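These notes are about the structure you will find just below.
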Amino acid sequence: MKRRTAEPYKIKSVEPVAMLSYEERKQSLQQAGYNTFLIDSKDVYIDLLTDSGTTAMSDAQWGALMTGDEAYAGSKSWRKLEEAVRDVYGFQYVLPTHQGRGAENILSQLKIKKGDVVPGNMYFTTTRAHQELNGATFVDIIIDEAHDPTIEHPFKGNVDLIKLQKVIDEVGAENIPYVCLAVTVNLAGGQPVSMQNMKLVYDLCKIHDIDVMLDATRCVENAYFIKEREAGYANRSIAAILKEMMSYADGCTMSGKKDCLVNIGGFLAMNDEELYIRSRELVVVYEGMPSYGGMAGRDMEAMAIGIRESIDDHYIEHRIGQVRHLGEQLIDAGIPVVKPIGGHAVFLDARAFLPHLRQEEFPAQALAAALYLDSGVRSMERGIVSAGRNKTTGQHNTPNLELVRLTIPRRVYTNNHMDVVVDSIVDLYKKRASICGLKMDYEPPTLRFFNARFSPLSENGELMSETNRTS
Ligand code: PLI
């Protein structure tokens, strides 16, 4: 018999969660315009909206908050953070930012000129927004398999080197400010990039004198998949794998709110001194002094510790295991999900779940709303709404992947919570034919998924049949 393992932590402090009735959830959903981003957290039972900034900190991190040095300049806490980033990731120069998009803003402003092309392994919303705001066009160079939720591939986040070479040939290396390589790839389903692929991308870029900038937001999760799946890495520590990954890049942007195990913060890191000096100037303009960059001293203390905790082999094994605990039960129940199960979330395939809906009826948005209505579980649309509109034609971008993301906060929920989520989704799947599409009543001009409002397309105004409804 396979021996079971449990969470590698004890619970020291608890936060009660809301358990609303069906009628109360219905009201909350209507008030939120059927957009899970707009539901108040007090009305949510299990919150799988995001793994961003939702981490439970350790006792060591909470303890360190008291030691935060809140000096405006030259904070001791900053030095600890800088040292942790250098030790764990290996980049020479580090600048703090208030979160990941702060680093994306600075990098994009400094590297991009109007008309440039930024190749990347699938877009991320804020990352692409900053590239576009600075006049670049994003080109997707991820392998084709990443766009098909049913294909099992151990490294579905890999770059297709032929696609990358083609972009270089077509637009010229001088018009490619950098290649943006995400490890893991959020919108592909938390899928990893192999070490071999990272090295090949780096080698190709160096031939053409193009920088590789990592989106390192979930790099520790990526390292775990390399250890598990790539020949030659099974006996290497996560710390060693992570260092090697970073050696195939010129720098990175980081949202500390994910793998750095904190609730706020980020950084921009690089090896190029000149880029560092220019970045430092912009940090002062947008973030604050280069010794706090939008973070309080106590936040930097917590992040310095979180970075070191994140490379603990037991922590990361449990983390990926919990995501799998949810995902594999759904697969066993015949629920269509993105395969293989990725690092930070399980993604429901809304096209396959609700085949009676057209993409313009926002199937993933409707499914996320239905899940909340059924059980108070909050998830997130990652499909046509998140993809926004084409800059030139004004039409909806229509991604192949029309997904609902069940994102698992780090160290927050137990596997019992995951089981409750499974039960709700299995019940919903039985009555999926009764779930109707949505129409968009309000569409914000940028990053529309955050604030868009919807209503059901059914004649009676209900999102789904109320027979067999939960209490
Ligand atoms: O939310 P920020 O600004 O700290 O980080 C932006 C960001 C950059 N890259 C990637 C891959 C992300 O996933 C990311 C933020 N992700 C969020 C908020 C999420 O819910 O996935």
Would you kindly compute the Cα radius of gyration of the chain and its largest Cα-Cα separation (Dmax), both in Å? 21.7, 64
Note down the accessible area of Asp211, probe 1.4 Å, to the nearest 10 Å². 30
Say a paramagnetic label sat at a point 7 Å from the Cα of Asp312, along Cα to Cβ; which residues of the range 58-77 have their backbone N under 19 Å from it? 58-66
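Determine, from the Cβ-Cβ distance of Glu361 and Val14 and an R0 of 45 Å, the FRET efficiency 1/(1 + (r/R0)^6), rounded to the nearest 0.05.
Plugging the Cβ-Cβ distance into 1/(1 + (r/R0)^6) gives 0.65.
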Computed over the chain: longest principal axis from alpha-carbon atoms vs helix 273-286 long axis, angle to nearest 10 degrees, is 50
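Any chance you could run the full-extension gain for Ala71 through Asn235? It's 0.36 nm times the residue separation minus the Cα-Cα distance, nm to one decimal.
Working: separation 164, 0.36 × 164 = 59.04 nm, distance 4.27 nm.
Extending this stretch completely gives an extra 54.8 nm.
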Could you order Arg378, Arg4 so the one with the most accessible surface comes first? Probe is 1.4 Å. Arg4, Arg378
Sequence of His344, His130 when ordered by accessible area, the most exposed leading, probe 1.4 angstrom: His130, His344
Going by the alpha-carbon gyration tensor, a ≥ b ≥ c the square roots of its eigenvalues, is the range 197-282 rounded (a/c under 1.5) or, if a/c is not under 1.5, prolate (a/b greater than b/c) versus oblate? oblate
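Rounded, prolate or oblate: pick one for the range 243-310, where a ≥ b ≥ c are the square roots of the eigenvalues of its C-alpha gyration tensor, a/c under 1.5 means rounded, and failing that, prolate if a/b is larger than b/c, else oblate. Mind dumping the intermediate values first?
Numbers: a/c = 2.43, a/b = 1.08, b/c = 2.24.
Taking the square roots of the gyration eigenvalues as a ≥ b ≥ c, the range 243-310 is oblate.
Given a cut-off of under 8 Å on Cα pairs at least six residues apart, what relative contact order in percent is computed for the range 1-55?
33
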Under the 7 Å Cα-to-Cβ spin-label approximation, Asp423 and Ala173 lie apart by a distance in nanometres of 5.9
Provide the solvent-accessible area of His314, counting protein heavy atoms only and rolling a 1.4 Å probe, rounded to the nearest 10 Å². 130
In terms of solvent-accessible area of protein heavy atoms at a 1.4 angstrom probe, what is the ranking of Val44, Val17, Val285, Val426, highest value first? Val285, Val17, Val426, Val44
Tell me, what ³J(HN,Hα) does each residue in the range 326-332 have, in order and in whole Hz, if you take phi through Karplus 6.51 cos²θ - 1.76 cosθ + 1.60 with θ = phi - 60° and put x for Gly and Pro? 6, x, 6, 5, 5, 4, 4
Sum of -39500 (n - 2.57) over DSSP H runs of 4+, divided by residues of the chain (222 nm, nearest 500): -11500 deg cm²/dmol
By a straight-distance test (C-alpha under 16 Å), which aspartates and glutamates pair with Lys12 as possible cross-link partners, with residues fewer than eight away in the same chain excluded? Asp59
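Pairs of alpha-carbon atoms within less than 8 angstrom and 6+ residues apart define the contacts here; what relative contact order does the chain have, in percent?
Details: 989 pairs, mean separation 107.1, N = 471.
In percent, rounded to a whole number, it is 23.
Would you work out the relative contact order for the range 236-301, in percent, from Cα pairs under 8 angstrom that are 6 or more residues apart?
On the way: 48 pairs, mean separation 14.8, N = 66.
Computed value for the range 236-301: 22 percent relative contact order.
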Taking only Cα atoms, what is the 0 to 90° angle, nearest 10, from helix 22-31's long axis to the longest principal axis of the chain? 60
Rounded to the nearest 10 degrees, the helix 297-309 long axis (Cα) sits at an angle to the longest Cα principal axis of the chain of 80
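The values are calculated or read from the model by the stated rules, or taken from the named source; none is laboratory data. Note that the structure is a prediction, hence the values are computed from the model and not measured. Note that we place each Cβ from the backbone using ideal geometry, even for glycine, and neighbour counts take in every protein chain shown. For accessibility, only protein heavy atoms count, side chains too; no ligands or nucleic acids. Shrake-Rupley method; radii C 1.70, N 1.55, O 1.52, S 1.80 Å.
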